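Following: one structure in structure tokens, then a few remarks.
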Amino acid sequence: MSDVATARALLESLGSYGSHFAGDDVAHLEVSGDEVVGSHLVPGLDVDIEQIDDGIEAHIHLREGVRIANPVHLCFGMLPTEGLQRIVMKVDVDAGSFASVRAHCTFPNAIDITHKMDAVVNIAPGATYEYFERHLHGAEGGVQVVPKTLVRIGEGARFKTEFELVKGQAGVIDFDYEADCDARSTLEMITRIIGRGHDTVTIRETGRLNGEGARAVLNSYLALRDDARAEVYNTLSASAPYARGHVDCKEIVQHRAFAKAVPIVEVSHPLAHITHEAAIGSVDSKQLQTLMSRGLTEDEATDLIIEGLLS
């Protein structure tokens with residue numbers, strides 16, 4: 001299959017999301033397995049790519065003061081049923097710049113596929129970098145997703161990341177994010193996952209508020225059914241004056257599913273403050289009855305409640 005045909009097939013597997021890649025003013029990159037099958041850049045955004053065993057190594061550089069108006073779209077995926085995809089990524093966001101990245105990871109035919117990502121992100125003072133990663137899996141659950149990311153957020157900078165997997169079976173998710181926050185920086189991590197069948201989900205998120213006035217929020221929302229299992233470990237520490245943070249984990253379990261949440265908060269300065277909240281349980285019965293009284297079936301009402309949790 002040619003690069004053009006492969007890129008088209010990857011984008012078609014994204015459904016309506018694939019349409020976002022169109023336009024000369026939209027930066028995008030498509031990677032199938034270990035090959036770049038499509039790309040387009042805009043001024044101020046540099047991308048250097050090298051092919052490695054079973055994947056690629058990419059250096060993404062956003063130049064100082066550059067503000068990219070449209071989201072940058074990345075597509076990582078594999079169309080075969082088996083294989084390994086490794087993404088090694090370094091991201092440098094220069095001072096005062098802005099970019100919002102939408103990463104679409106698609107494995108529609110997976111039976112035995114591993115997707116590994118190792119990323120290092122450096123965000124210079126006053127810059128903003130947003131990274132929204134959406135996964136689309138097939139119905140077999142044959143994917144192992146292993147992302148590991150280290151982030152350094154400079155003074156007054158902002159980093160927001162969202163990880164979403166709500167379509168198809170998750171398979172095995174082993175998610176690991178760590179972030180160090182300088183003075184007056186902002187960190188926001190949001191995870192939304194639906195687990196089905198025998199899915200196994202492990203989430204580790206760590207934020208360290210090292211600078212005065214740094215702020216962070218770690219939010220995890222999971223819905224588990226059948227025999228799915230999930231463990232969430234959220235750690236937030238504050239060692240500087242006026243640092244503020246909150247950890248929030250909410251999980252809905254159905255059928256024989258299992259959920260575990262371990263929020264850890266650490267404060268080592270008298271003027272810092274961190275809060276946490278964790279809730280695990282079934283669908284709220286009052287909400288369920290209210291929706292069913294309006295004509296929805298129990299399954300429809302449950303799905304609507306879960307959709308609200310993950311929105």
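The values are calculated or read from the model by the stated rules, or taken from the named source; none is laboratory data. Keep in mind that what you see is a predicted model, and the values were worked out from it rather than measured. Here the Cβ positions follow ideal geometry from the backbone for every residue, glycine too, while neighbour counts run over all protein chains shown.
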Being without any contact (Cβ under 8 Å) to a residue 40 or more places away in the chain, more than 20 Å from the chain's Cα centre (by Cα) and not in a strand (DSSP E or B) narrows it down to one residue among Ala9, Ala5; which is it? Ala5
How many residues are crowded, with 22+ Cβ neighbours inside 10 Å and not β-branched (Val, Ile, Thr) when one looks only at the range 104-130? 7
So, in the range 212-233, exactly how many residues are modelled with pLDDT under 95 and on the phi > 0 side of the Ramachandran plot? 1
Any residue at all in the range 44-60 that's modelled with pLDDT under 95, of a type outside the set (Lys, Arg), under 28 Å from Ala139 (Cβ atoms) and part of a loop (DSSP other than H, G, I, E, B)? yes
Which pairs do you get when a residue that is surrounded by fewer than 18 Cβ atoms within 10 Å (Cβ to Cβ) and at pLDDT 95 or above, found in the range 89-101, comes within reach of a residue that is assigned to a strand (DSSP E or B) and hydroxyl-bearing (Ser, Thr, Tyr), reach meaning Cβ atoms under 7 angstrom, with the pair 6+ apart or on two chains? Phe98/Thr128
Pair list, Cβ < 6 Å and 6+ apart or interchain, from the range 234-246 residues that are on the phi < 0 side of the Ramachandran plot and touching a residue at least 12 places away in the same chain (Cβ under 8 Å) to residues that are of a type in the set (Lys, Arg) and surrounded by 19 or more Cβ atoms within 10 Å (Cβ to Cβ): Ser237/Arg208; Arg244/Arg215
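Among the listed residues Gly154, Gly207, Gly141, identify the single one that is on the phi > 0 side of the Ramachandran plot, small (Gly, Ala, Ser) and either surrounded by 24 or more Cβ atoms within 10 Å (Cβ to Cβ) or over 13 Å from the mean Cα position of the chain (by Cα) (or both). First the steps, then the outcome.
Working: Gly154 fails: on the phi > 0 side of the Ramachandran plot; Gly207 fails: on the phi > 0 side of the Ramachandran plot.
None of the others qualify; the one that does is Gly141.
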